[in-house]
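Student: Below is one structure. I have some questions about it.
Only the coordinates and a few stated rules stand behind these numbers; no lab work does. Everything numeric here is computed off the predicted structure, so don't read it as measured data. As a convention, Cβ positions derive from the backbone with ideal geometry for all residues, glycine included, and neighbour counts pool all protein chains shown.
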Amino acid sequence: DEDRGIIRRQRVYRRLLMTMGMYRDGDTEEDFAYVRNYRNMIQGELSEMFPCELQVHSSSAFLILEENCRLGRTFPEENTLSDIVLLLYQLLQEEIRTGRVEVPLDEQIRLPKENFQRLVEKCKEQFGVGFNKTYREMTFAEFYREVYDYMENLMMIEQAYGDIYIRSAAGKIMGKYPEDFGKEDKGDE
């Protein structure tokens, strides 16, 4: 029985270790219950191997690595695409705070594709001067494809029925430039 015993345990650990997060849905209900019931044991076993913290929420679970821990691919990475996604999450969190975007009970935000594209476009317009030359000079279509592919590859988003579903990791992290970002140096005024 794949929903019990060692096979389920291996599947749960693999999902926690190899993905951006574990999300509760119809297909993962049993696995998510396992994480909730055995969170202390899982935390203990994994923290013996490397510095990490297991965070379990009502509809998601995340394995958070300490800053100096490098275990395969992590997010954020040290690249411009990671920075762009973090800045995009800042804009998304602002949309949530102002009530323009609602977070449903399952914490998975659903946006029409056009709204998601507008958010990515706003990110490029607002923060683009801080990106490296490659991303600054891309057309919006190229920029959007790069950001979308990166986020999809890391399982931060999923497209279905013409909508973009943004995973709950968007509520846990964001990036921000300093307050004086983009302002010209005024000298000794």
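Student: Compute the signed sum of charges (Lys and Arg +1, Asp and Glu -1) over the other residues within less than 11 Å, Cβ to Cβ, of MET155.
Tutor: 0
Student: Helix-derived [θ] at 222 nm for the chain: sum -39500 (n - 2.57) over DSSP H runs of at least 4, divide by residue count, nearest 500?
Tutor: Mean residue ellipticity at 222 nm (helix-derived): -14000 deg cm²/dmol.
Student: I've got another one for you. Between ILE164 and residues 5 or more places away or on another chain, which pairs have amide H atoms under 5 Å apart, with H built 1.01 Å from N, and which residues are they?
Tutor: When sequence neighbours closer than 5 places are left aside, the close amide H contacts are LEU111, LYS113.
Student: Calculate, in whole percent, how much of the Cα-Cα pair population of region 1-128 lies beyond 16 Å.
Tutor: 70
Student: Apply the Karplus parameterisation 6.51 cos²θ - 1.76 cosθ + 1.60, with θ equal to phi minus 60°, to every residue of region 152-162 and state each ³J(HN,Hα) to the nearest whole Hz, in sequence, with x for glycine and proline.
Tutor: 5, 4, 8, 6, 8, 9, 8, 9, 8, 6, x
Student: For the chain, what does the relative contact order come out to in percent, with C-alpha contacts under 8 Å and a separation of six or more?
Tutor: 21
Student: Please report the Cα spread of region 26-97 along all three principal axes, rounded to whole Å, starting with the longest.
Tutor: Principal-axis extents of region 26-97 (Cα, largest first): 35, 31, 21 Å.
Student: In addition: Local charge sum around VAL35 (other residues, Cβ-Cβ under 12 Å, Lys/Arg +1, Asp/Glu -1)?
Tutor: +4
Student: Continuing with this model, one more query. Please arrange PHE75, PHE62 by counting, for each residue, the other beta carbons lying within 10 Å of its beta carbon, fewest first.
Tutor: The fewest-first ordering by Cβ neighbours comes to PHE75, PHE62.
Student: Still on this structure: Restricting to Cα pairs below 8 Å that are 6+ residues apart, what does the relative contact order work out to for region 5-65? Please round to a whole percent.
Tutor: 34
Student: Okay, next question. Which of the peptides 18-30, 94-106, 76-88 is most tightly packed, and how do the rest follow, going by the mean number of other Cβ atoms within 10 Å of each residue?
Tutor: Descending packing order for the listed peptides: 76-88, 18-30, 94-106.
Student: Starting from the coordinates of the alpha-carbon atoms of region 5-65, obtain the Kirkwood hydrodynamic radius over all distinct pairs and give the value in Å to one decimal.
Tutor: The Cα-based Kirkwood calculation yields 11.4 Å.
Student: Per residue of region 110-120, what does 6.51 cos²θ - 1.76 cosθ + 1.60 with θ = phi - 60° give for ³J(HN,Hα)? Whole Hz please, x for Gly and Pro, Karplus curve as stated.
Tutor: 10, 10, x, 3, 5, 5, 5, 4, 4, 5, 5
Student: Give the total of Lys-Lys pairs in the chain with Cα-Cα distances below 26 Å; include a pair only if its members are 8 or more places apart or on different chains.
Tutor: So the count works out to 17.
Student: I'd like the Kirkwood hydrodynamic radius of region 80-171, using the inverse of the mean 1/r over distinct C-alpha pairs, in Å.
Tutor: Computed over Cα pairs of region 80-171, the Kirkwood hydrodynamic radius comes out at 13.3 Å.
Student: Please list, in order along region 167-179, the HN-Hα scalar couplings obtained from phi with the Karplus expression 6.51 cos²θ - 1.76 cosθ + 1.60 (θ = phi - 60°), rounded to whole Hz, x for Gly and Pro.
Tutor: Each residue of region 167-179 in turn: 5, 5, 4, 4, x, 9, 9, 6, x, 8, 7, x, 4 Hz.
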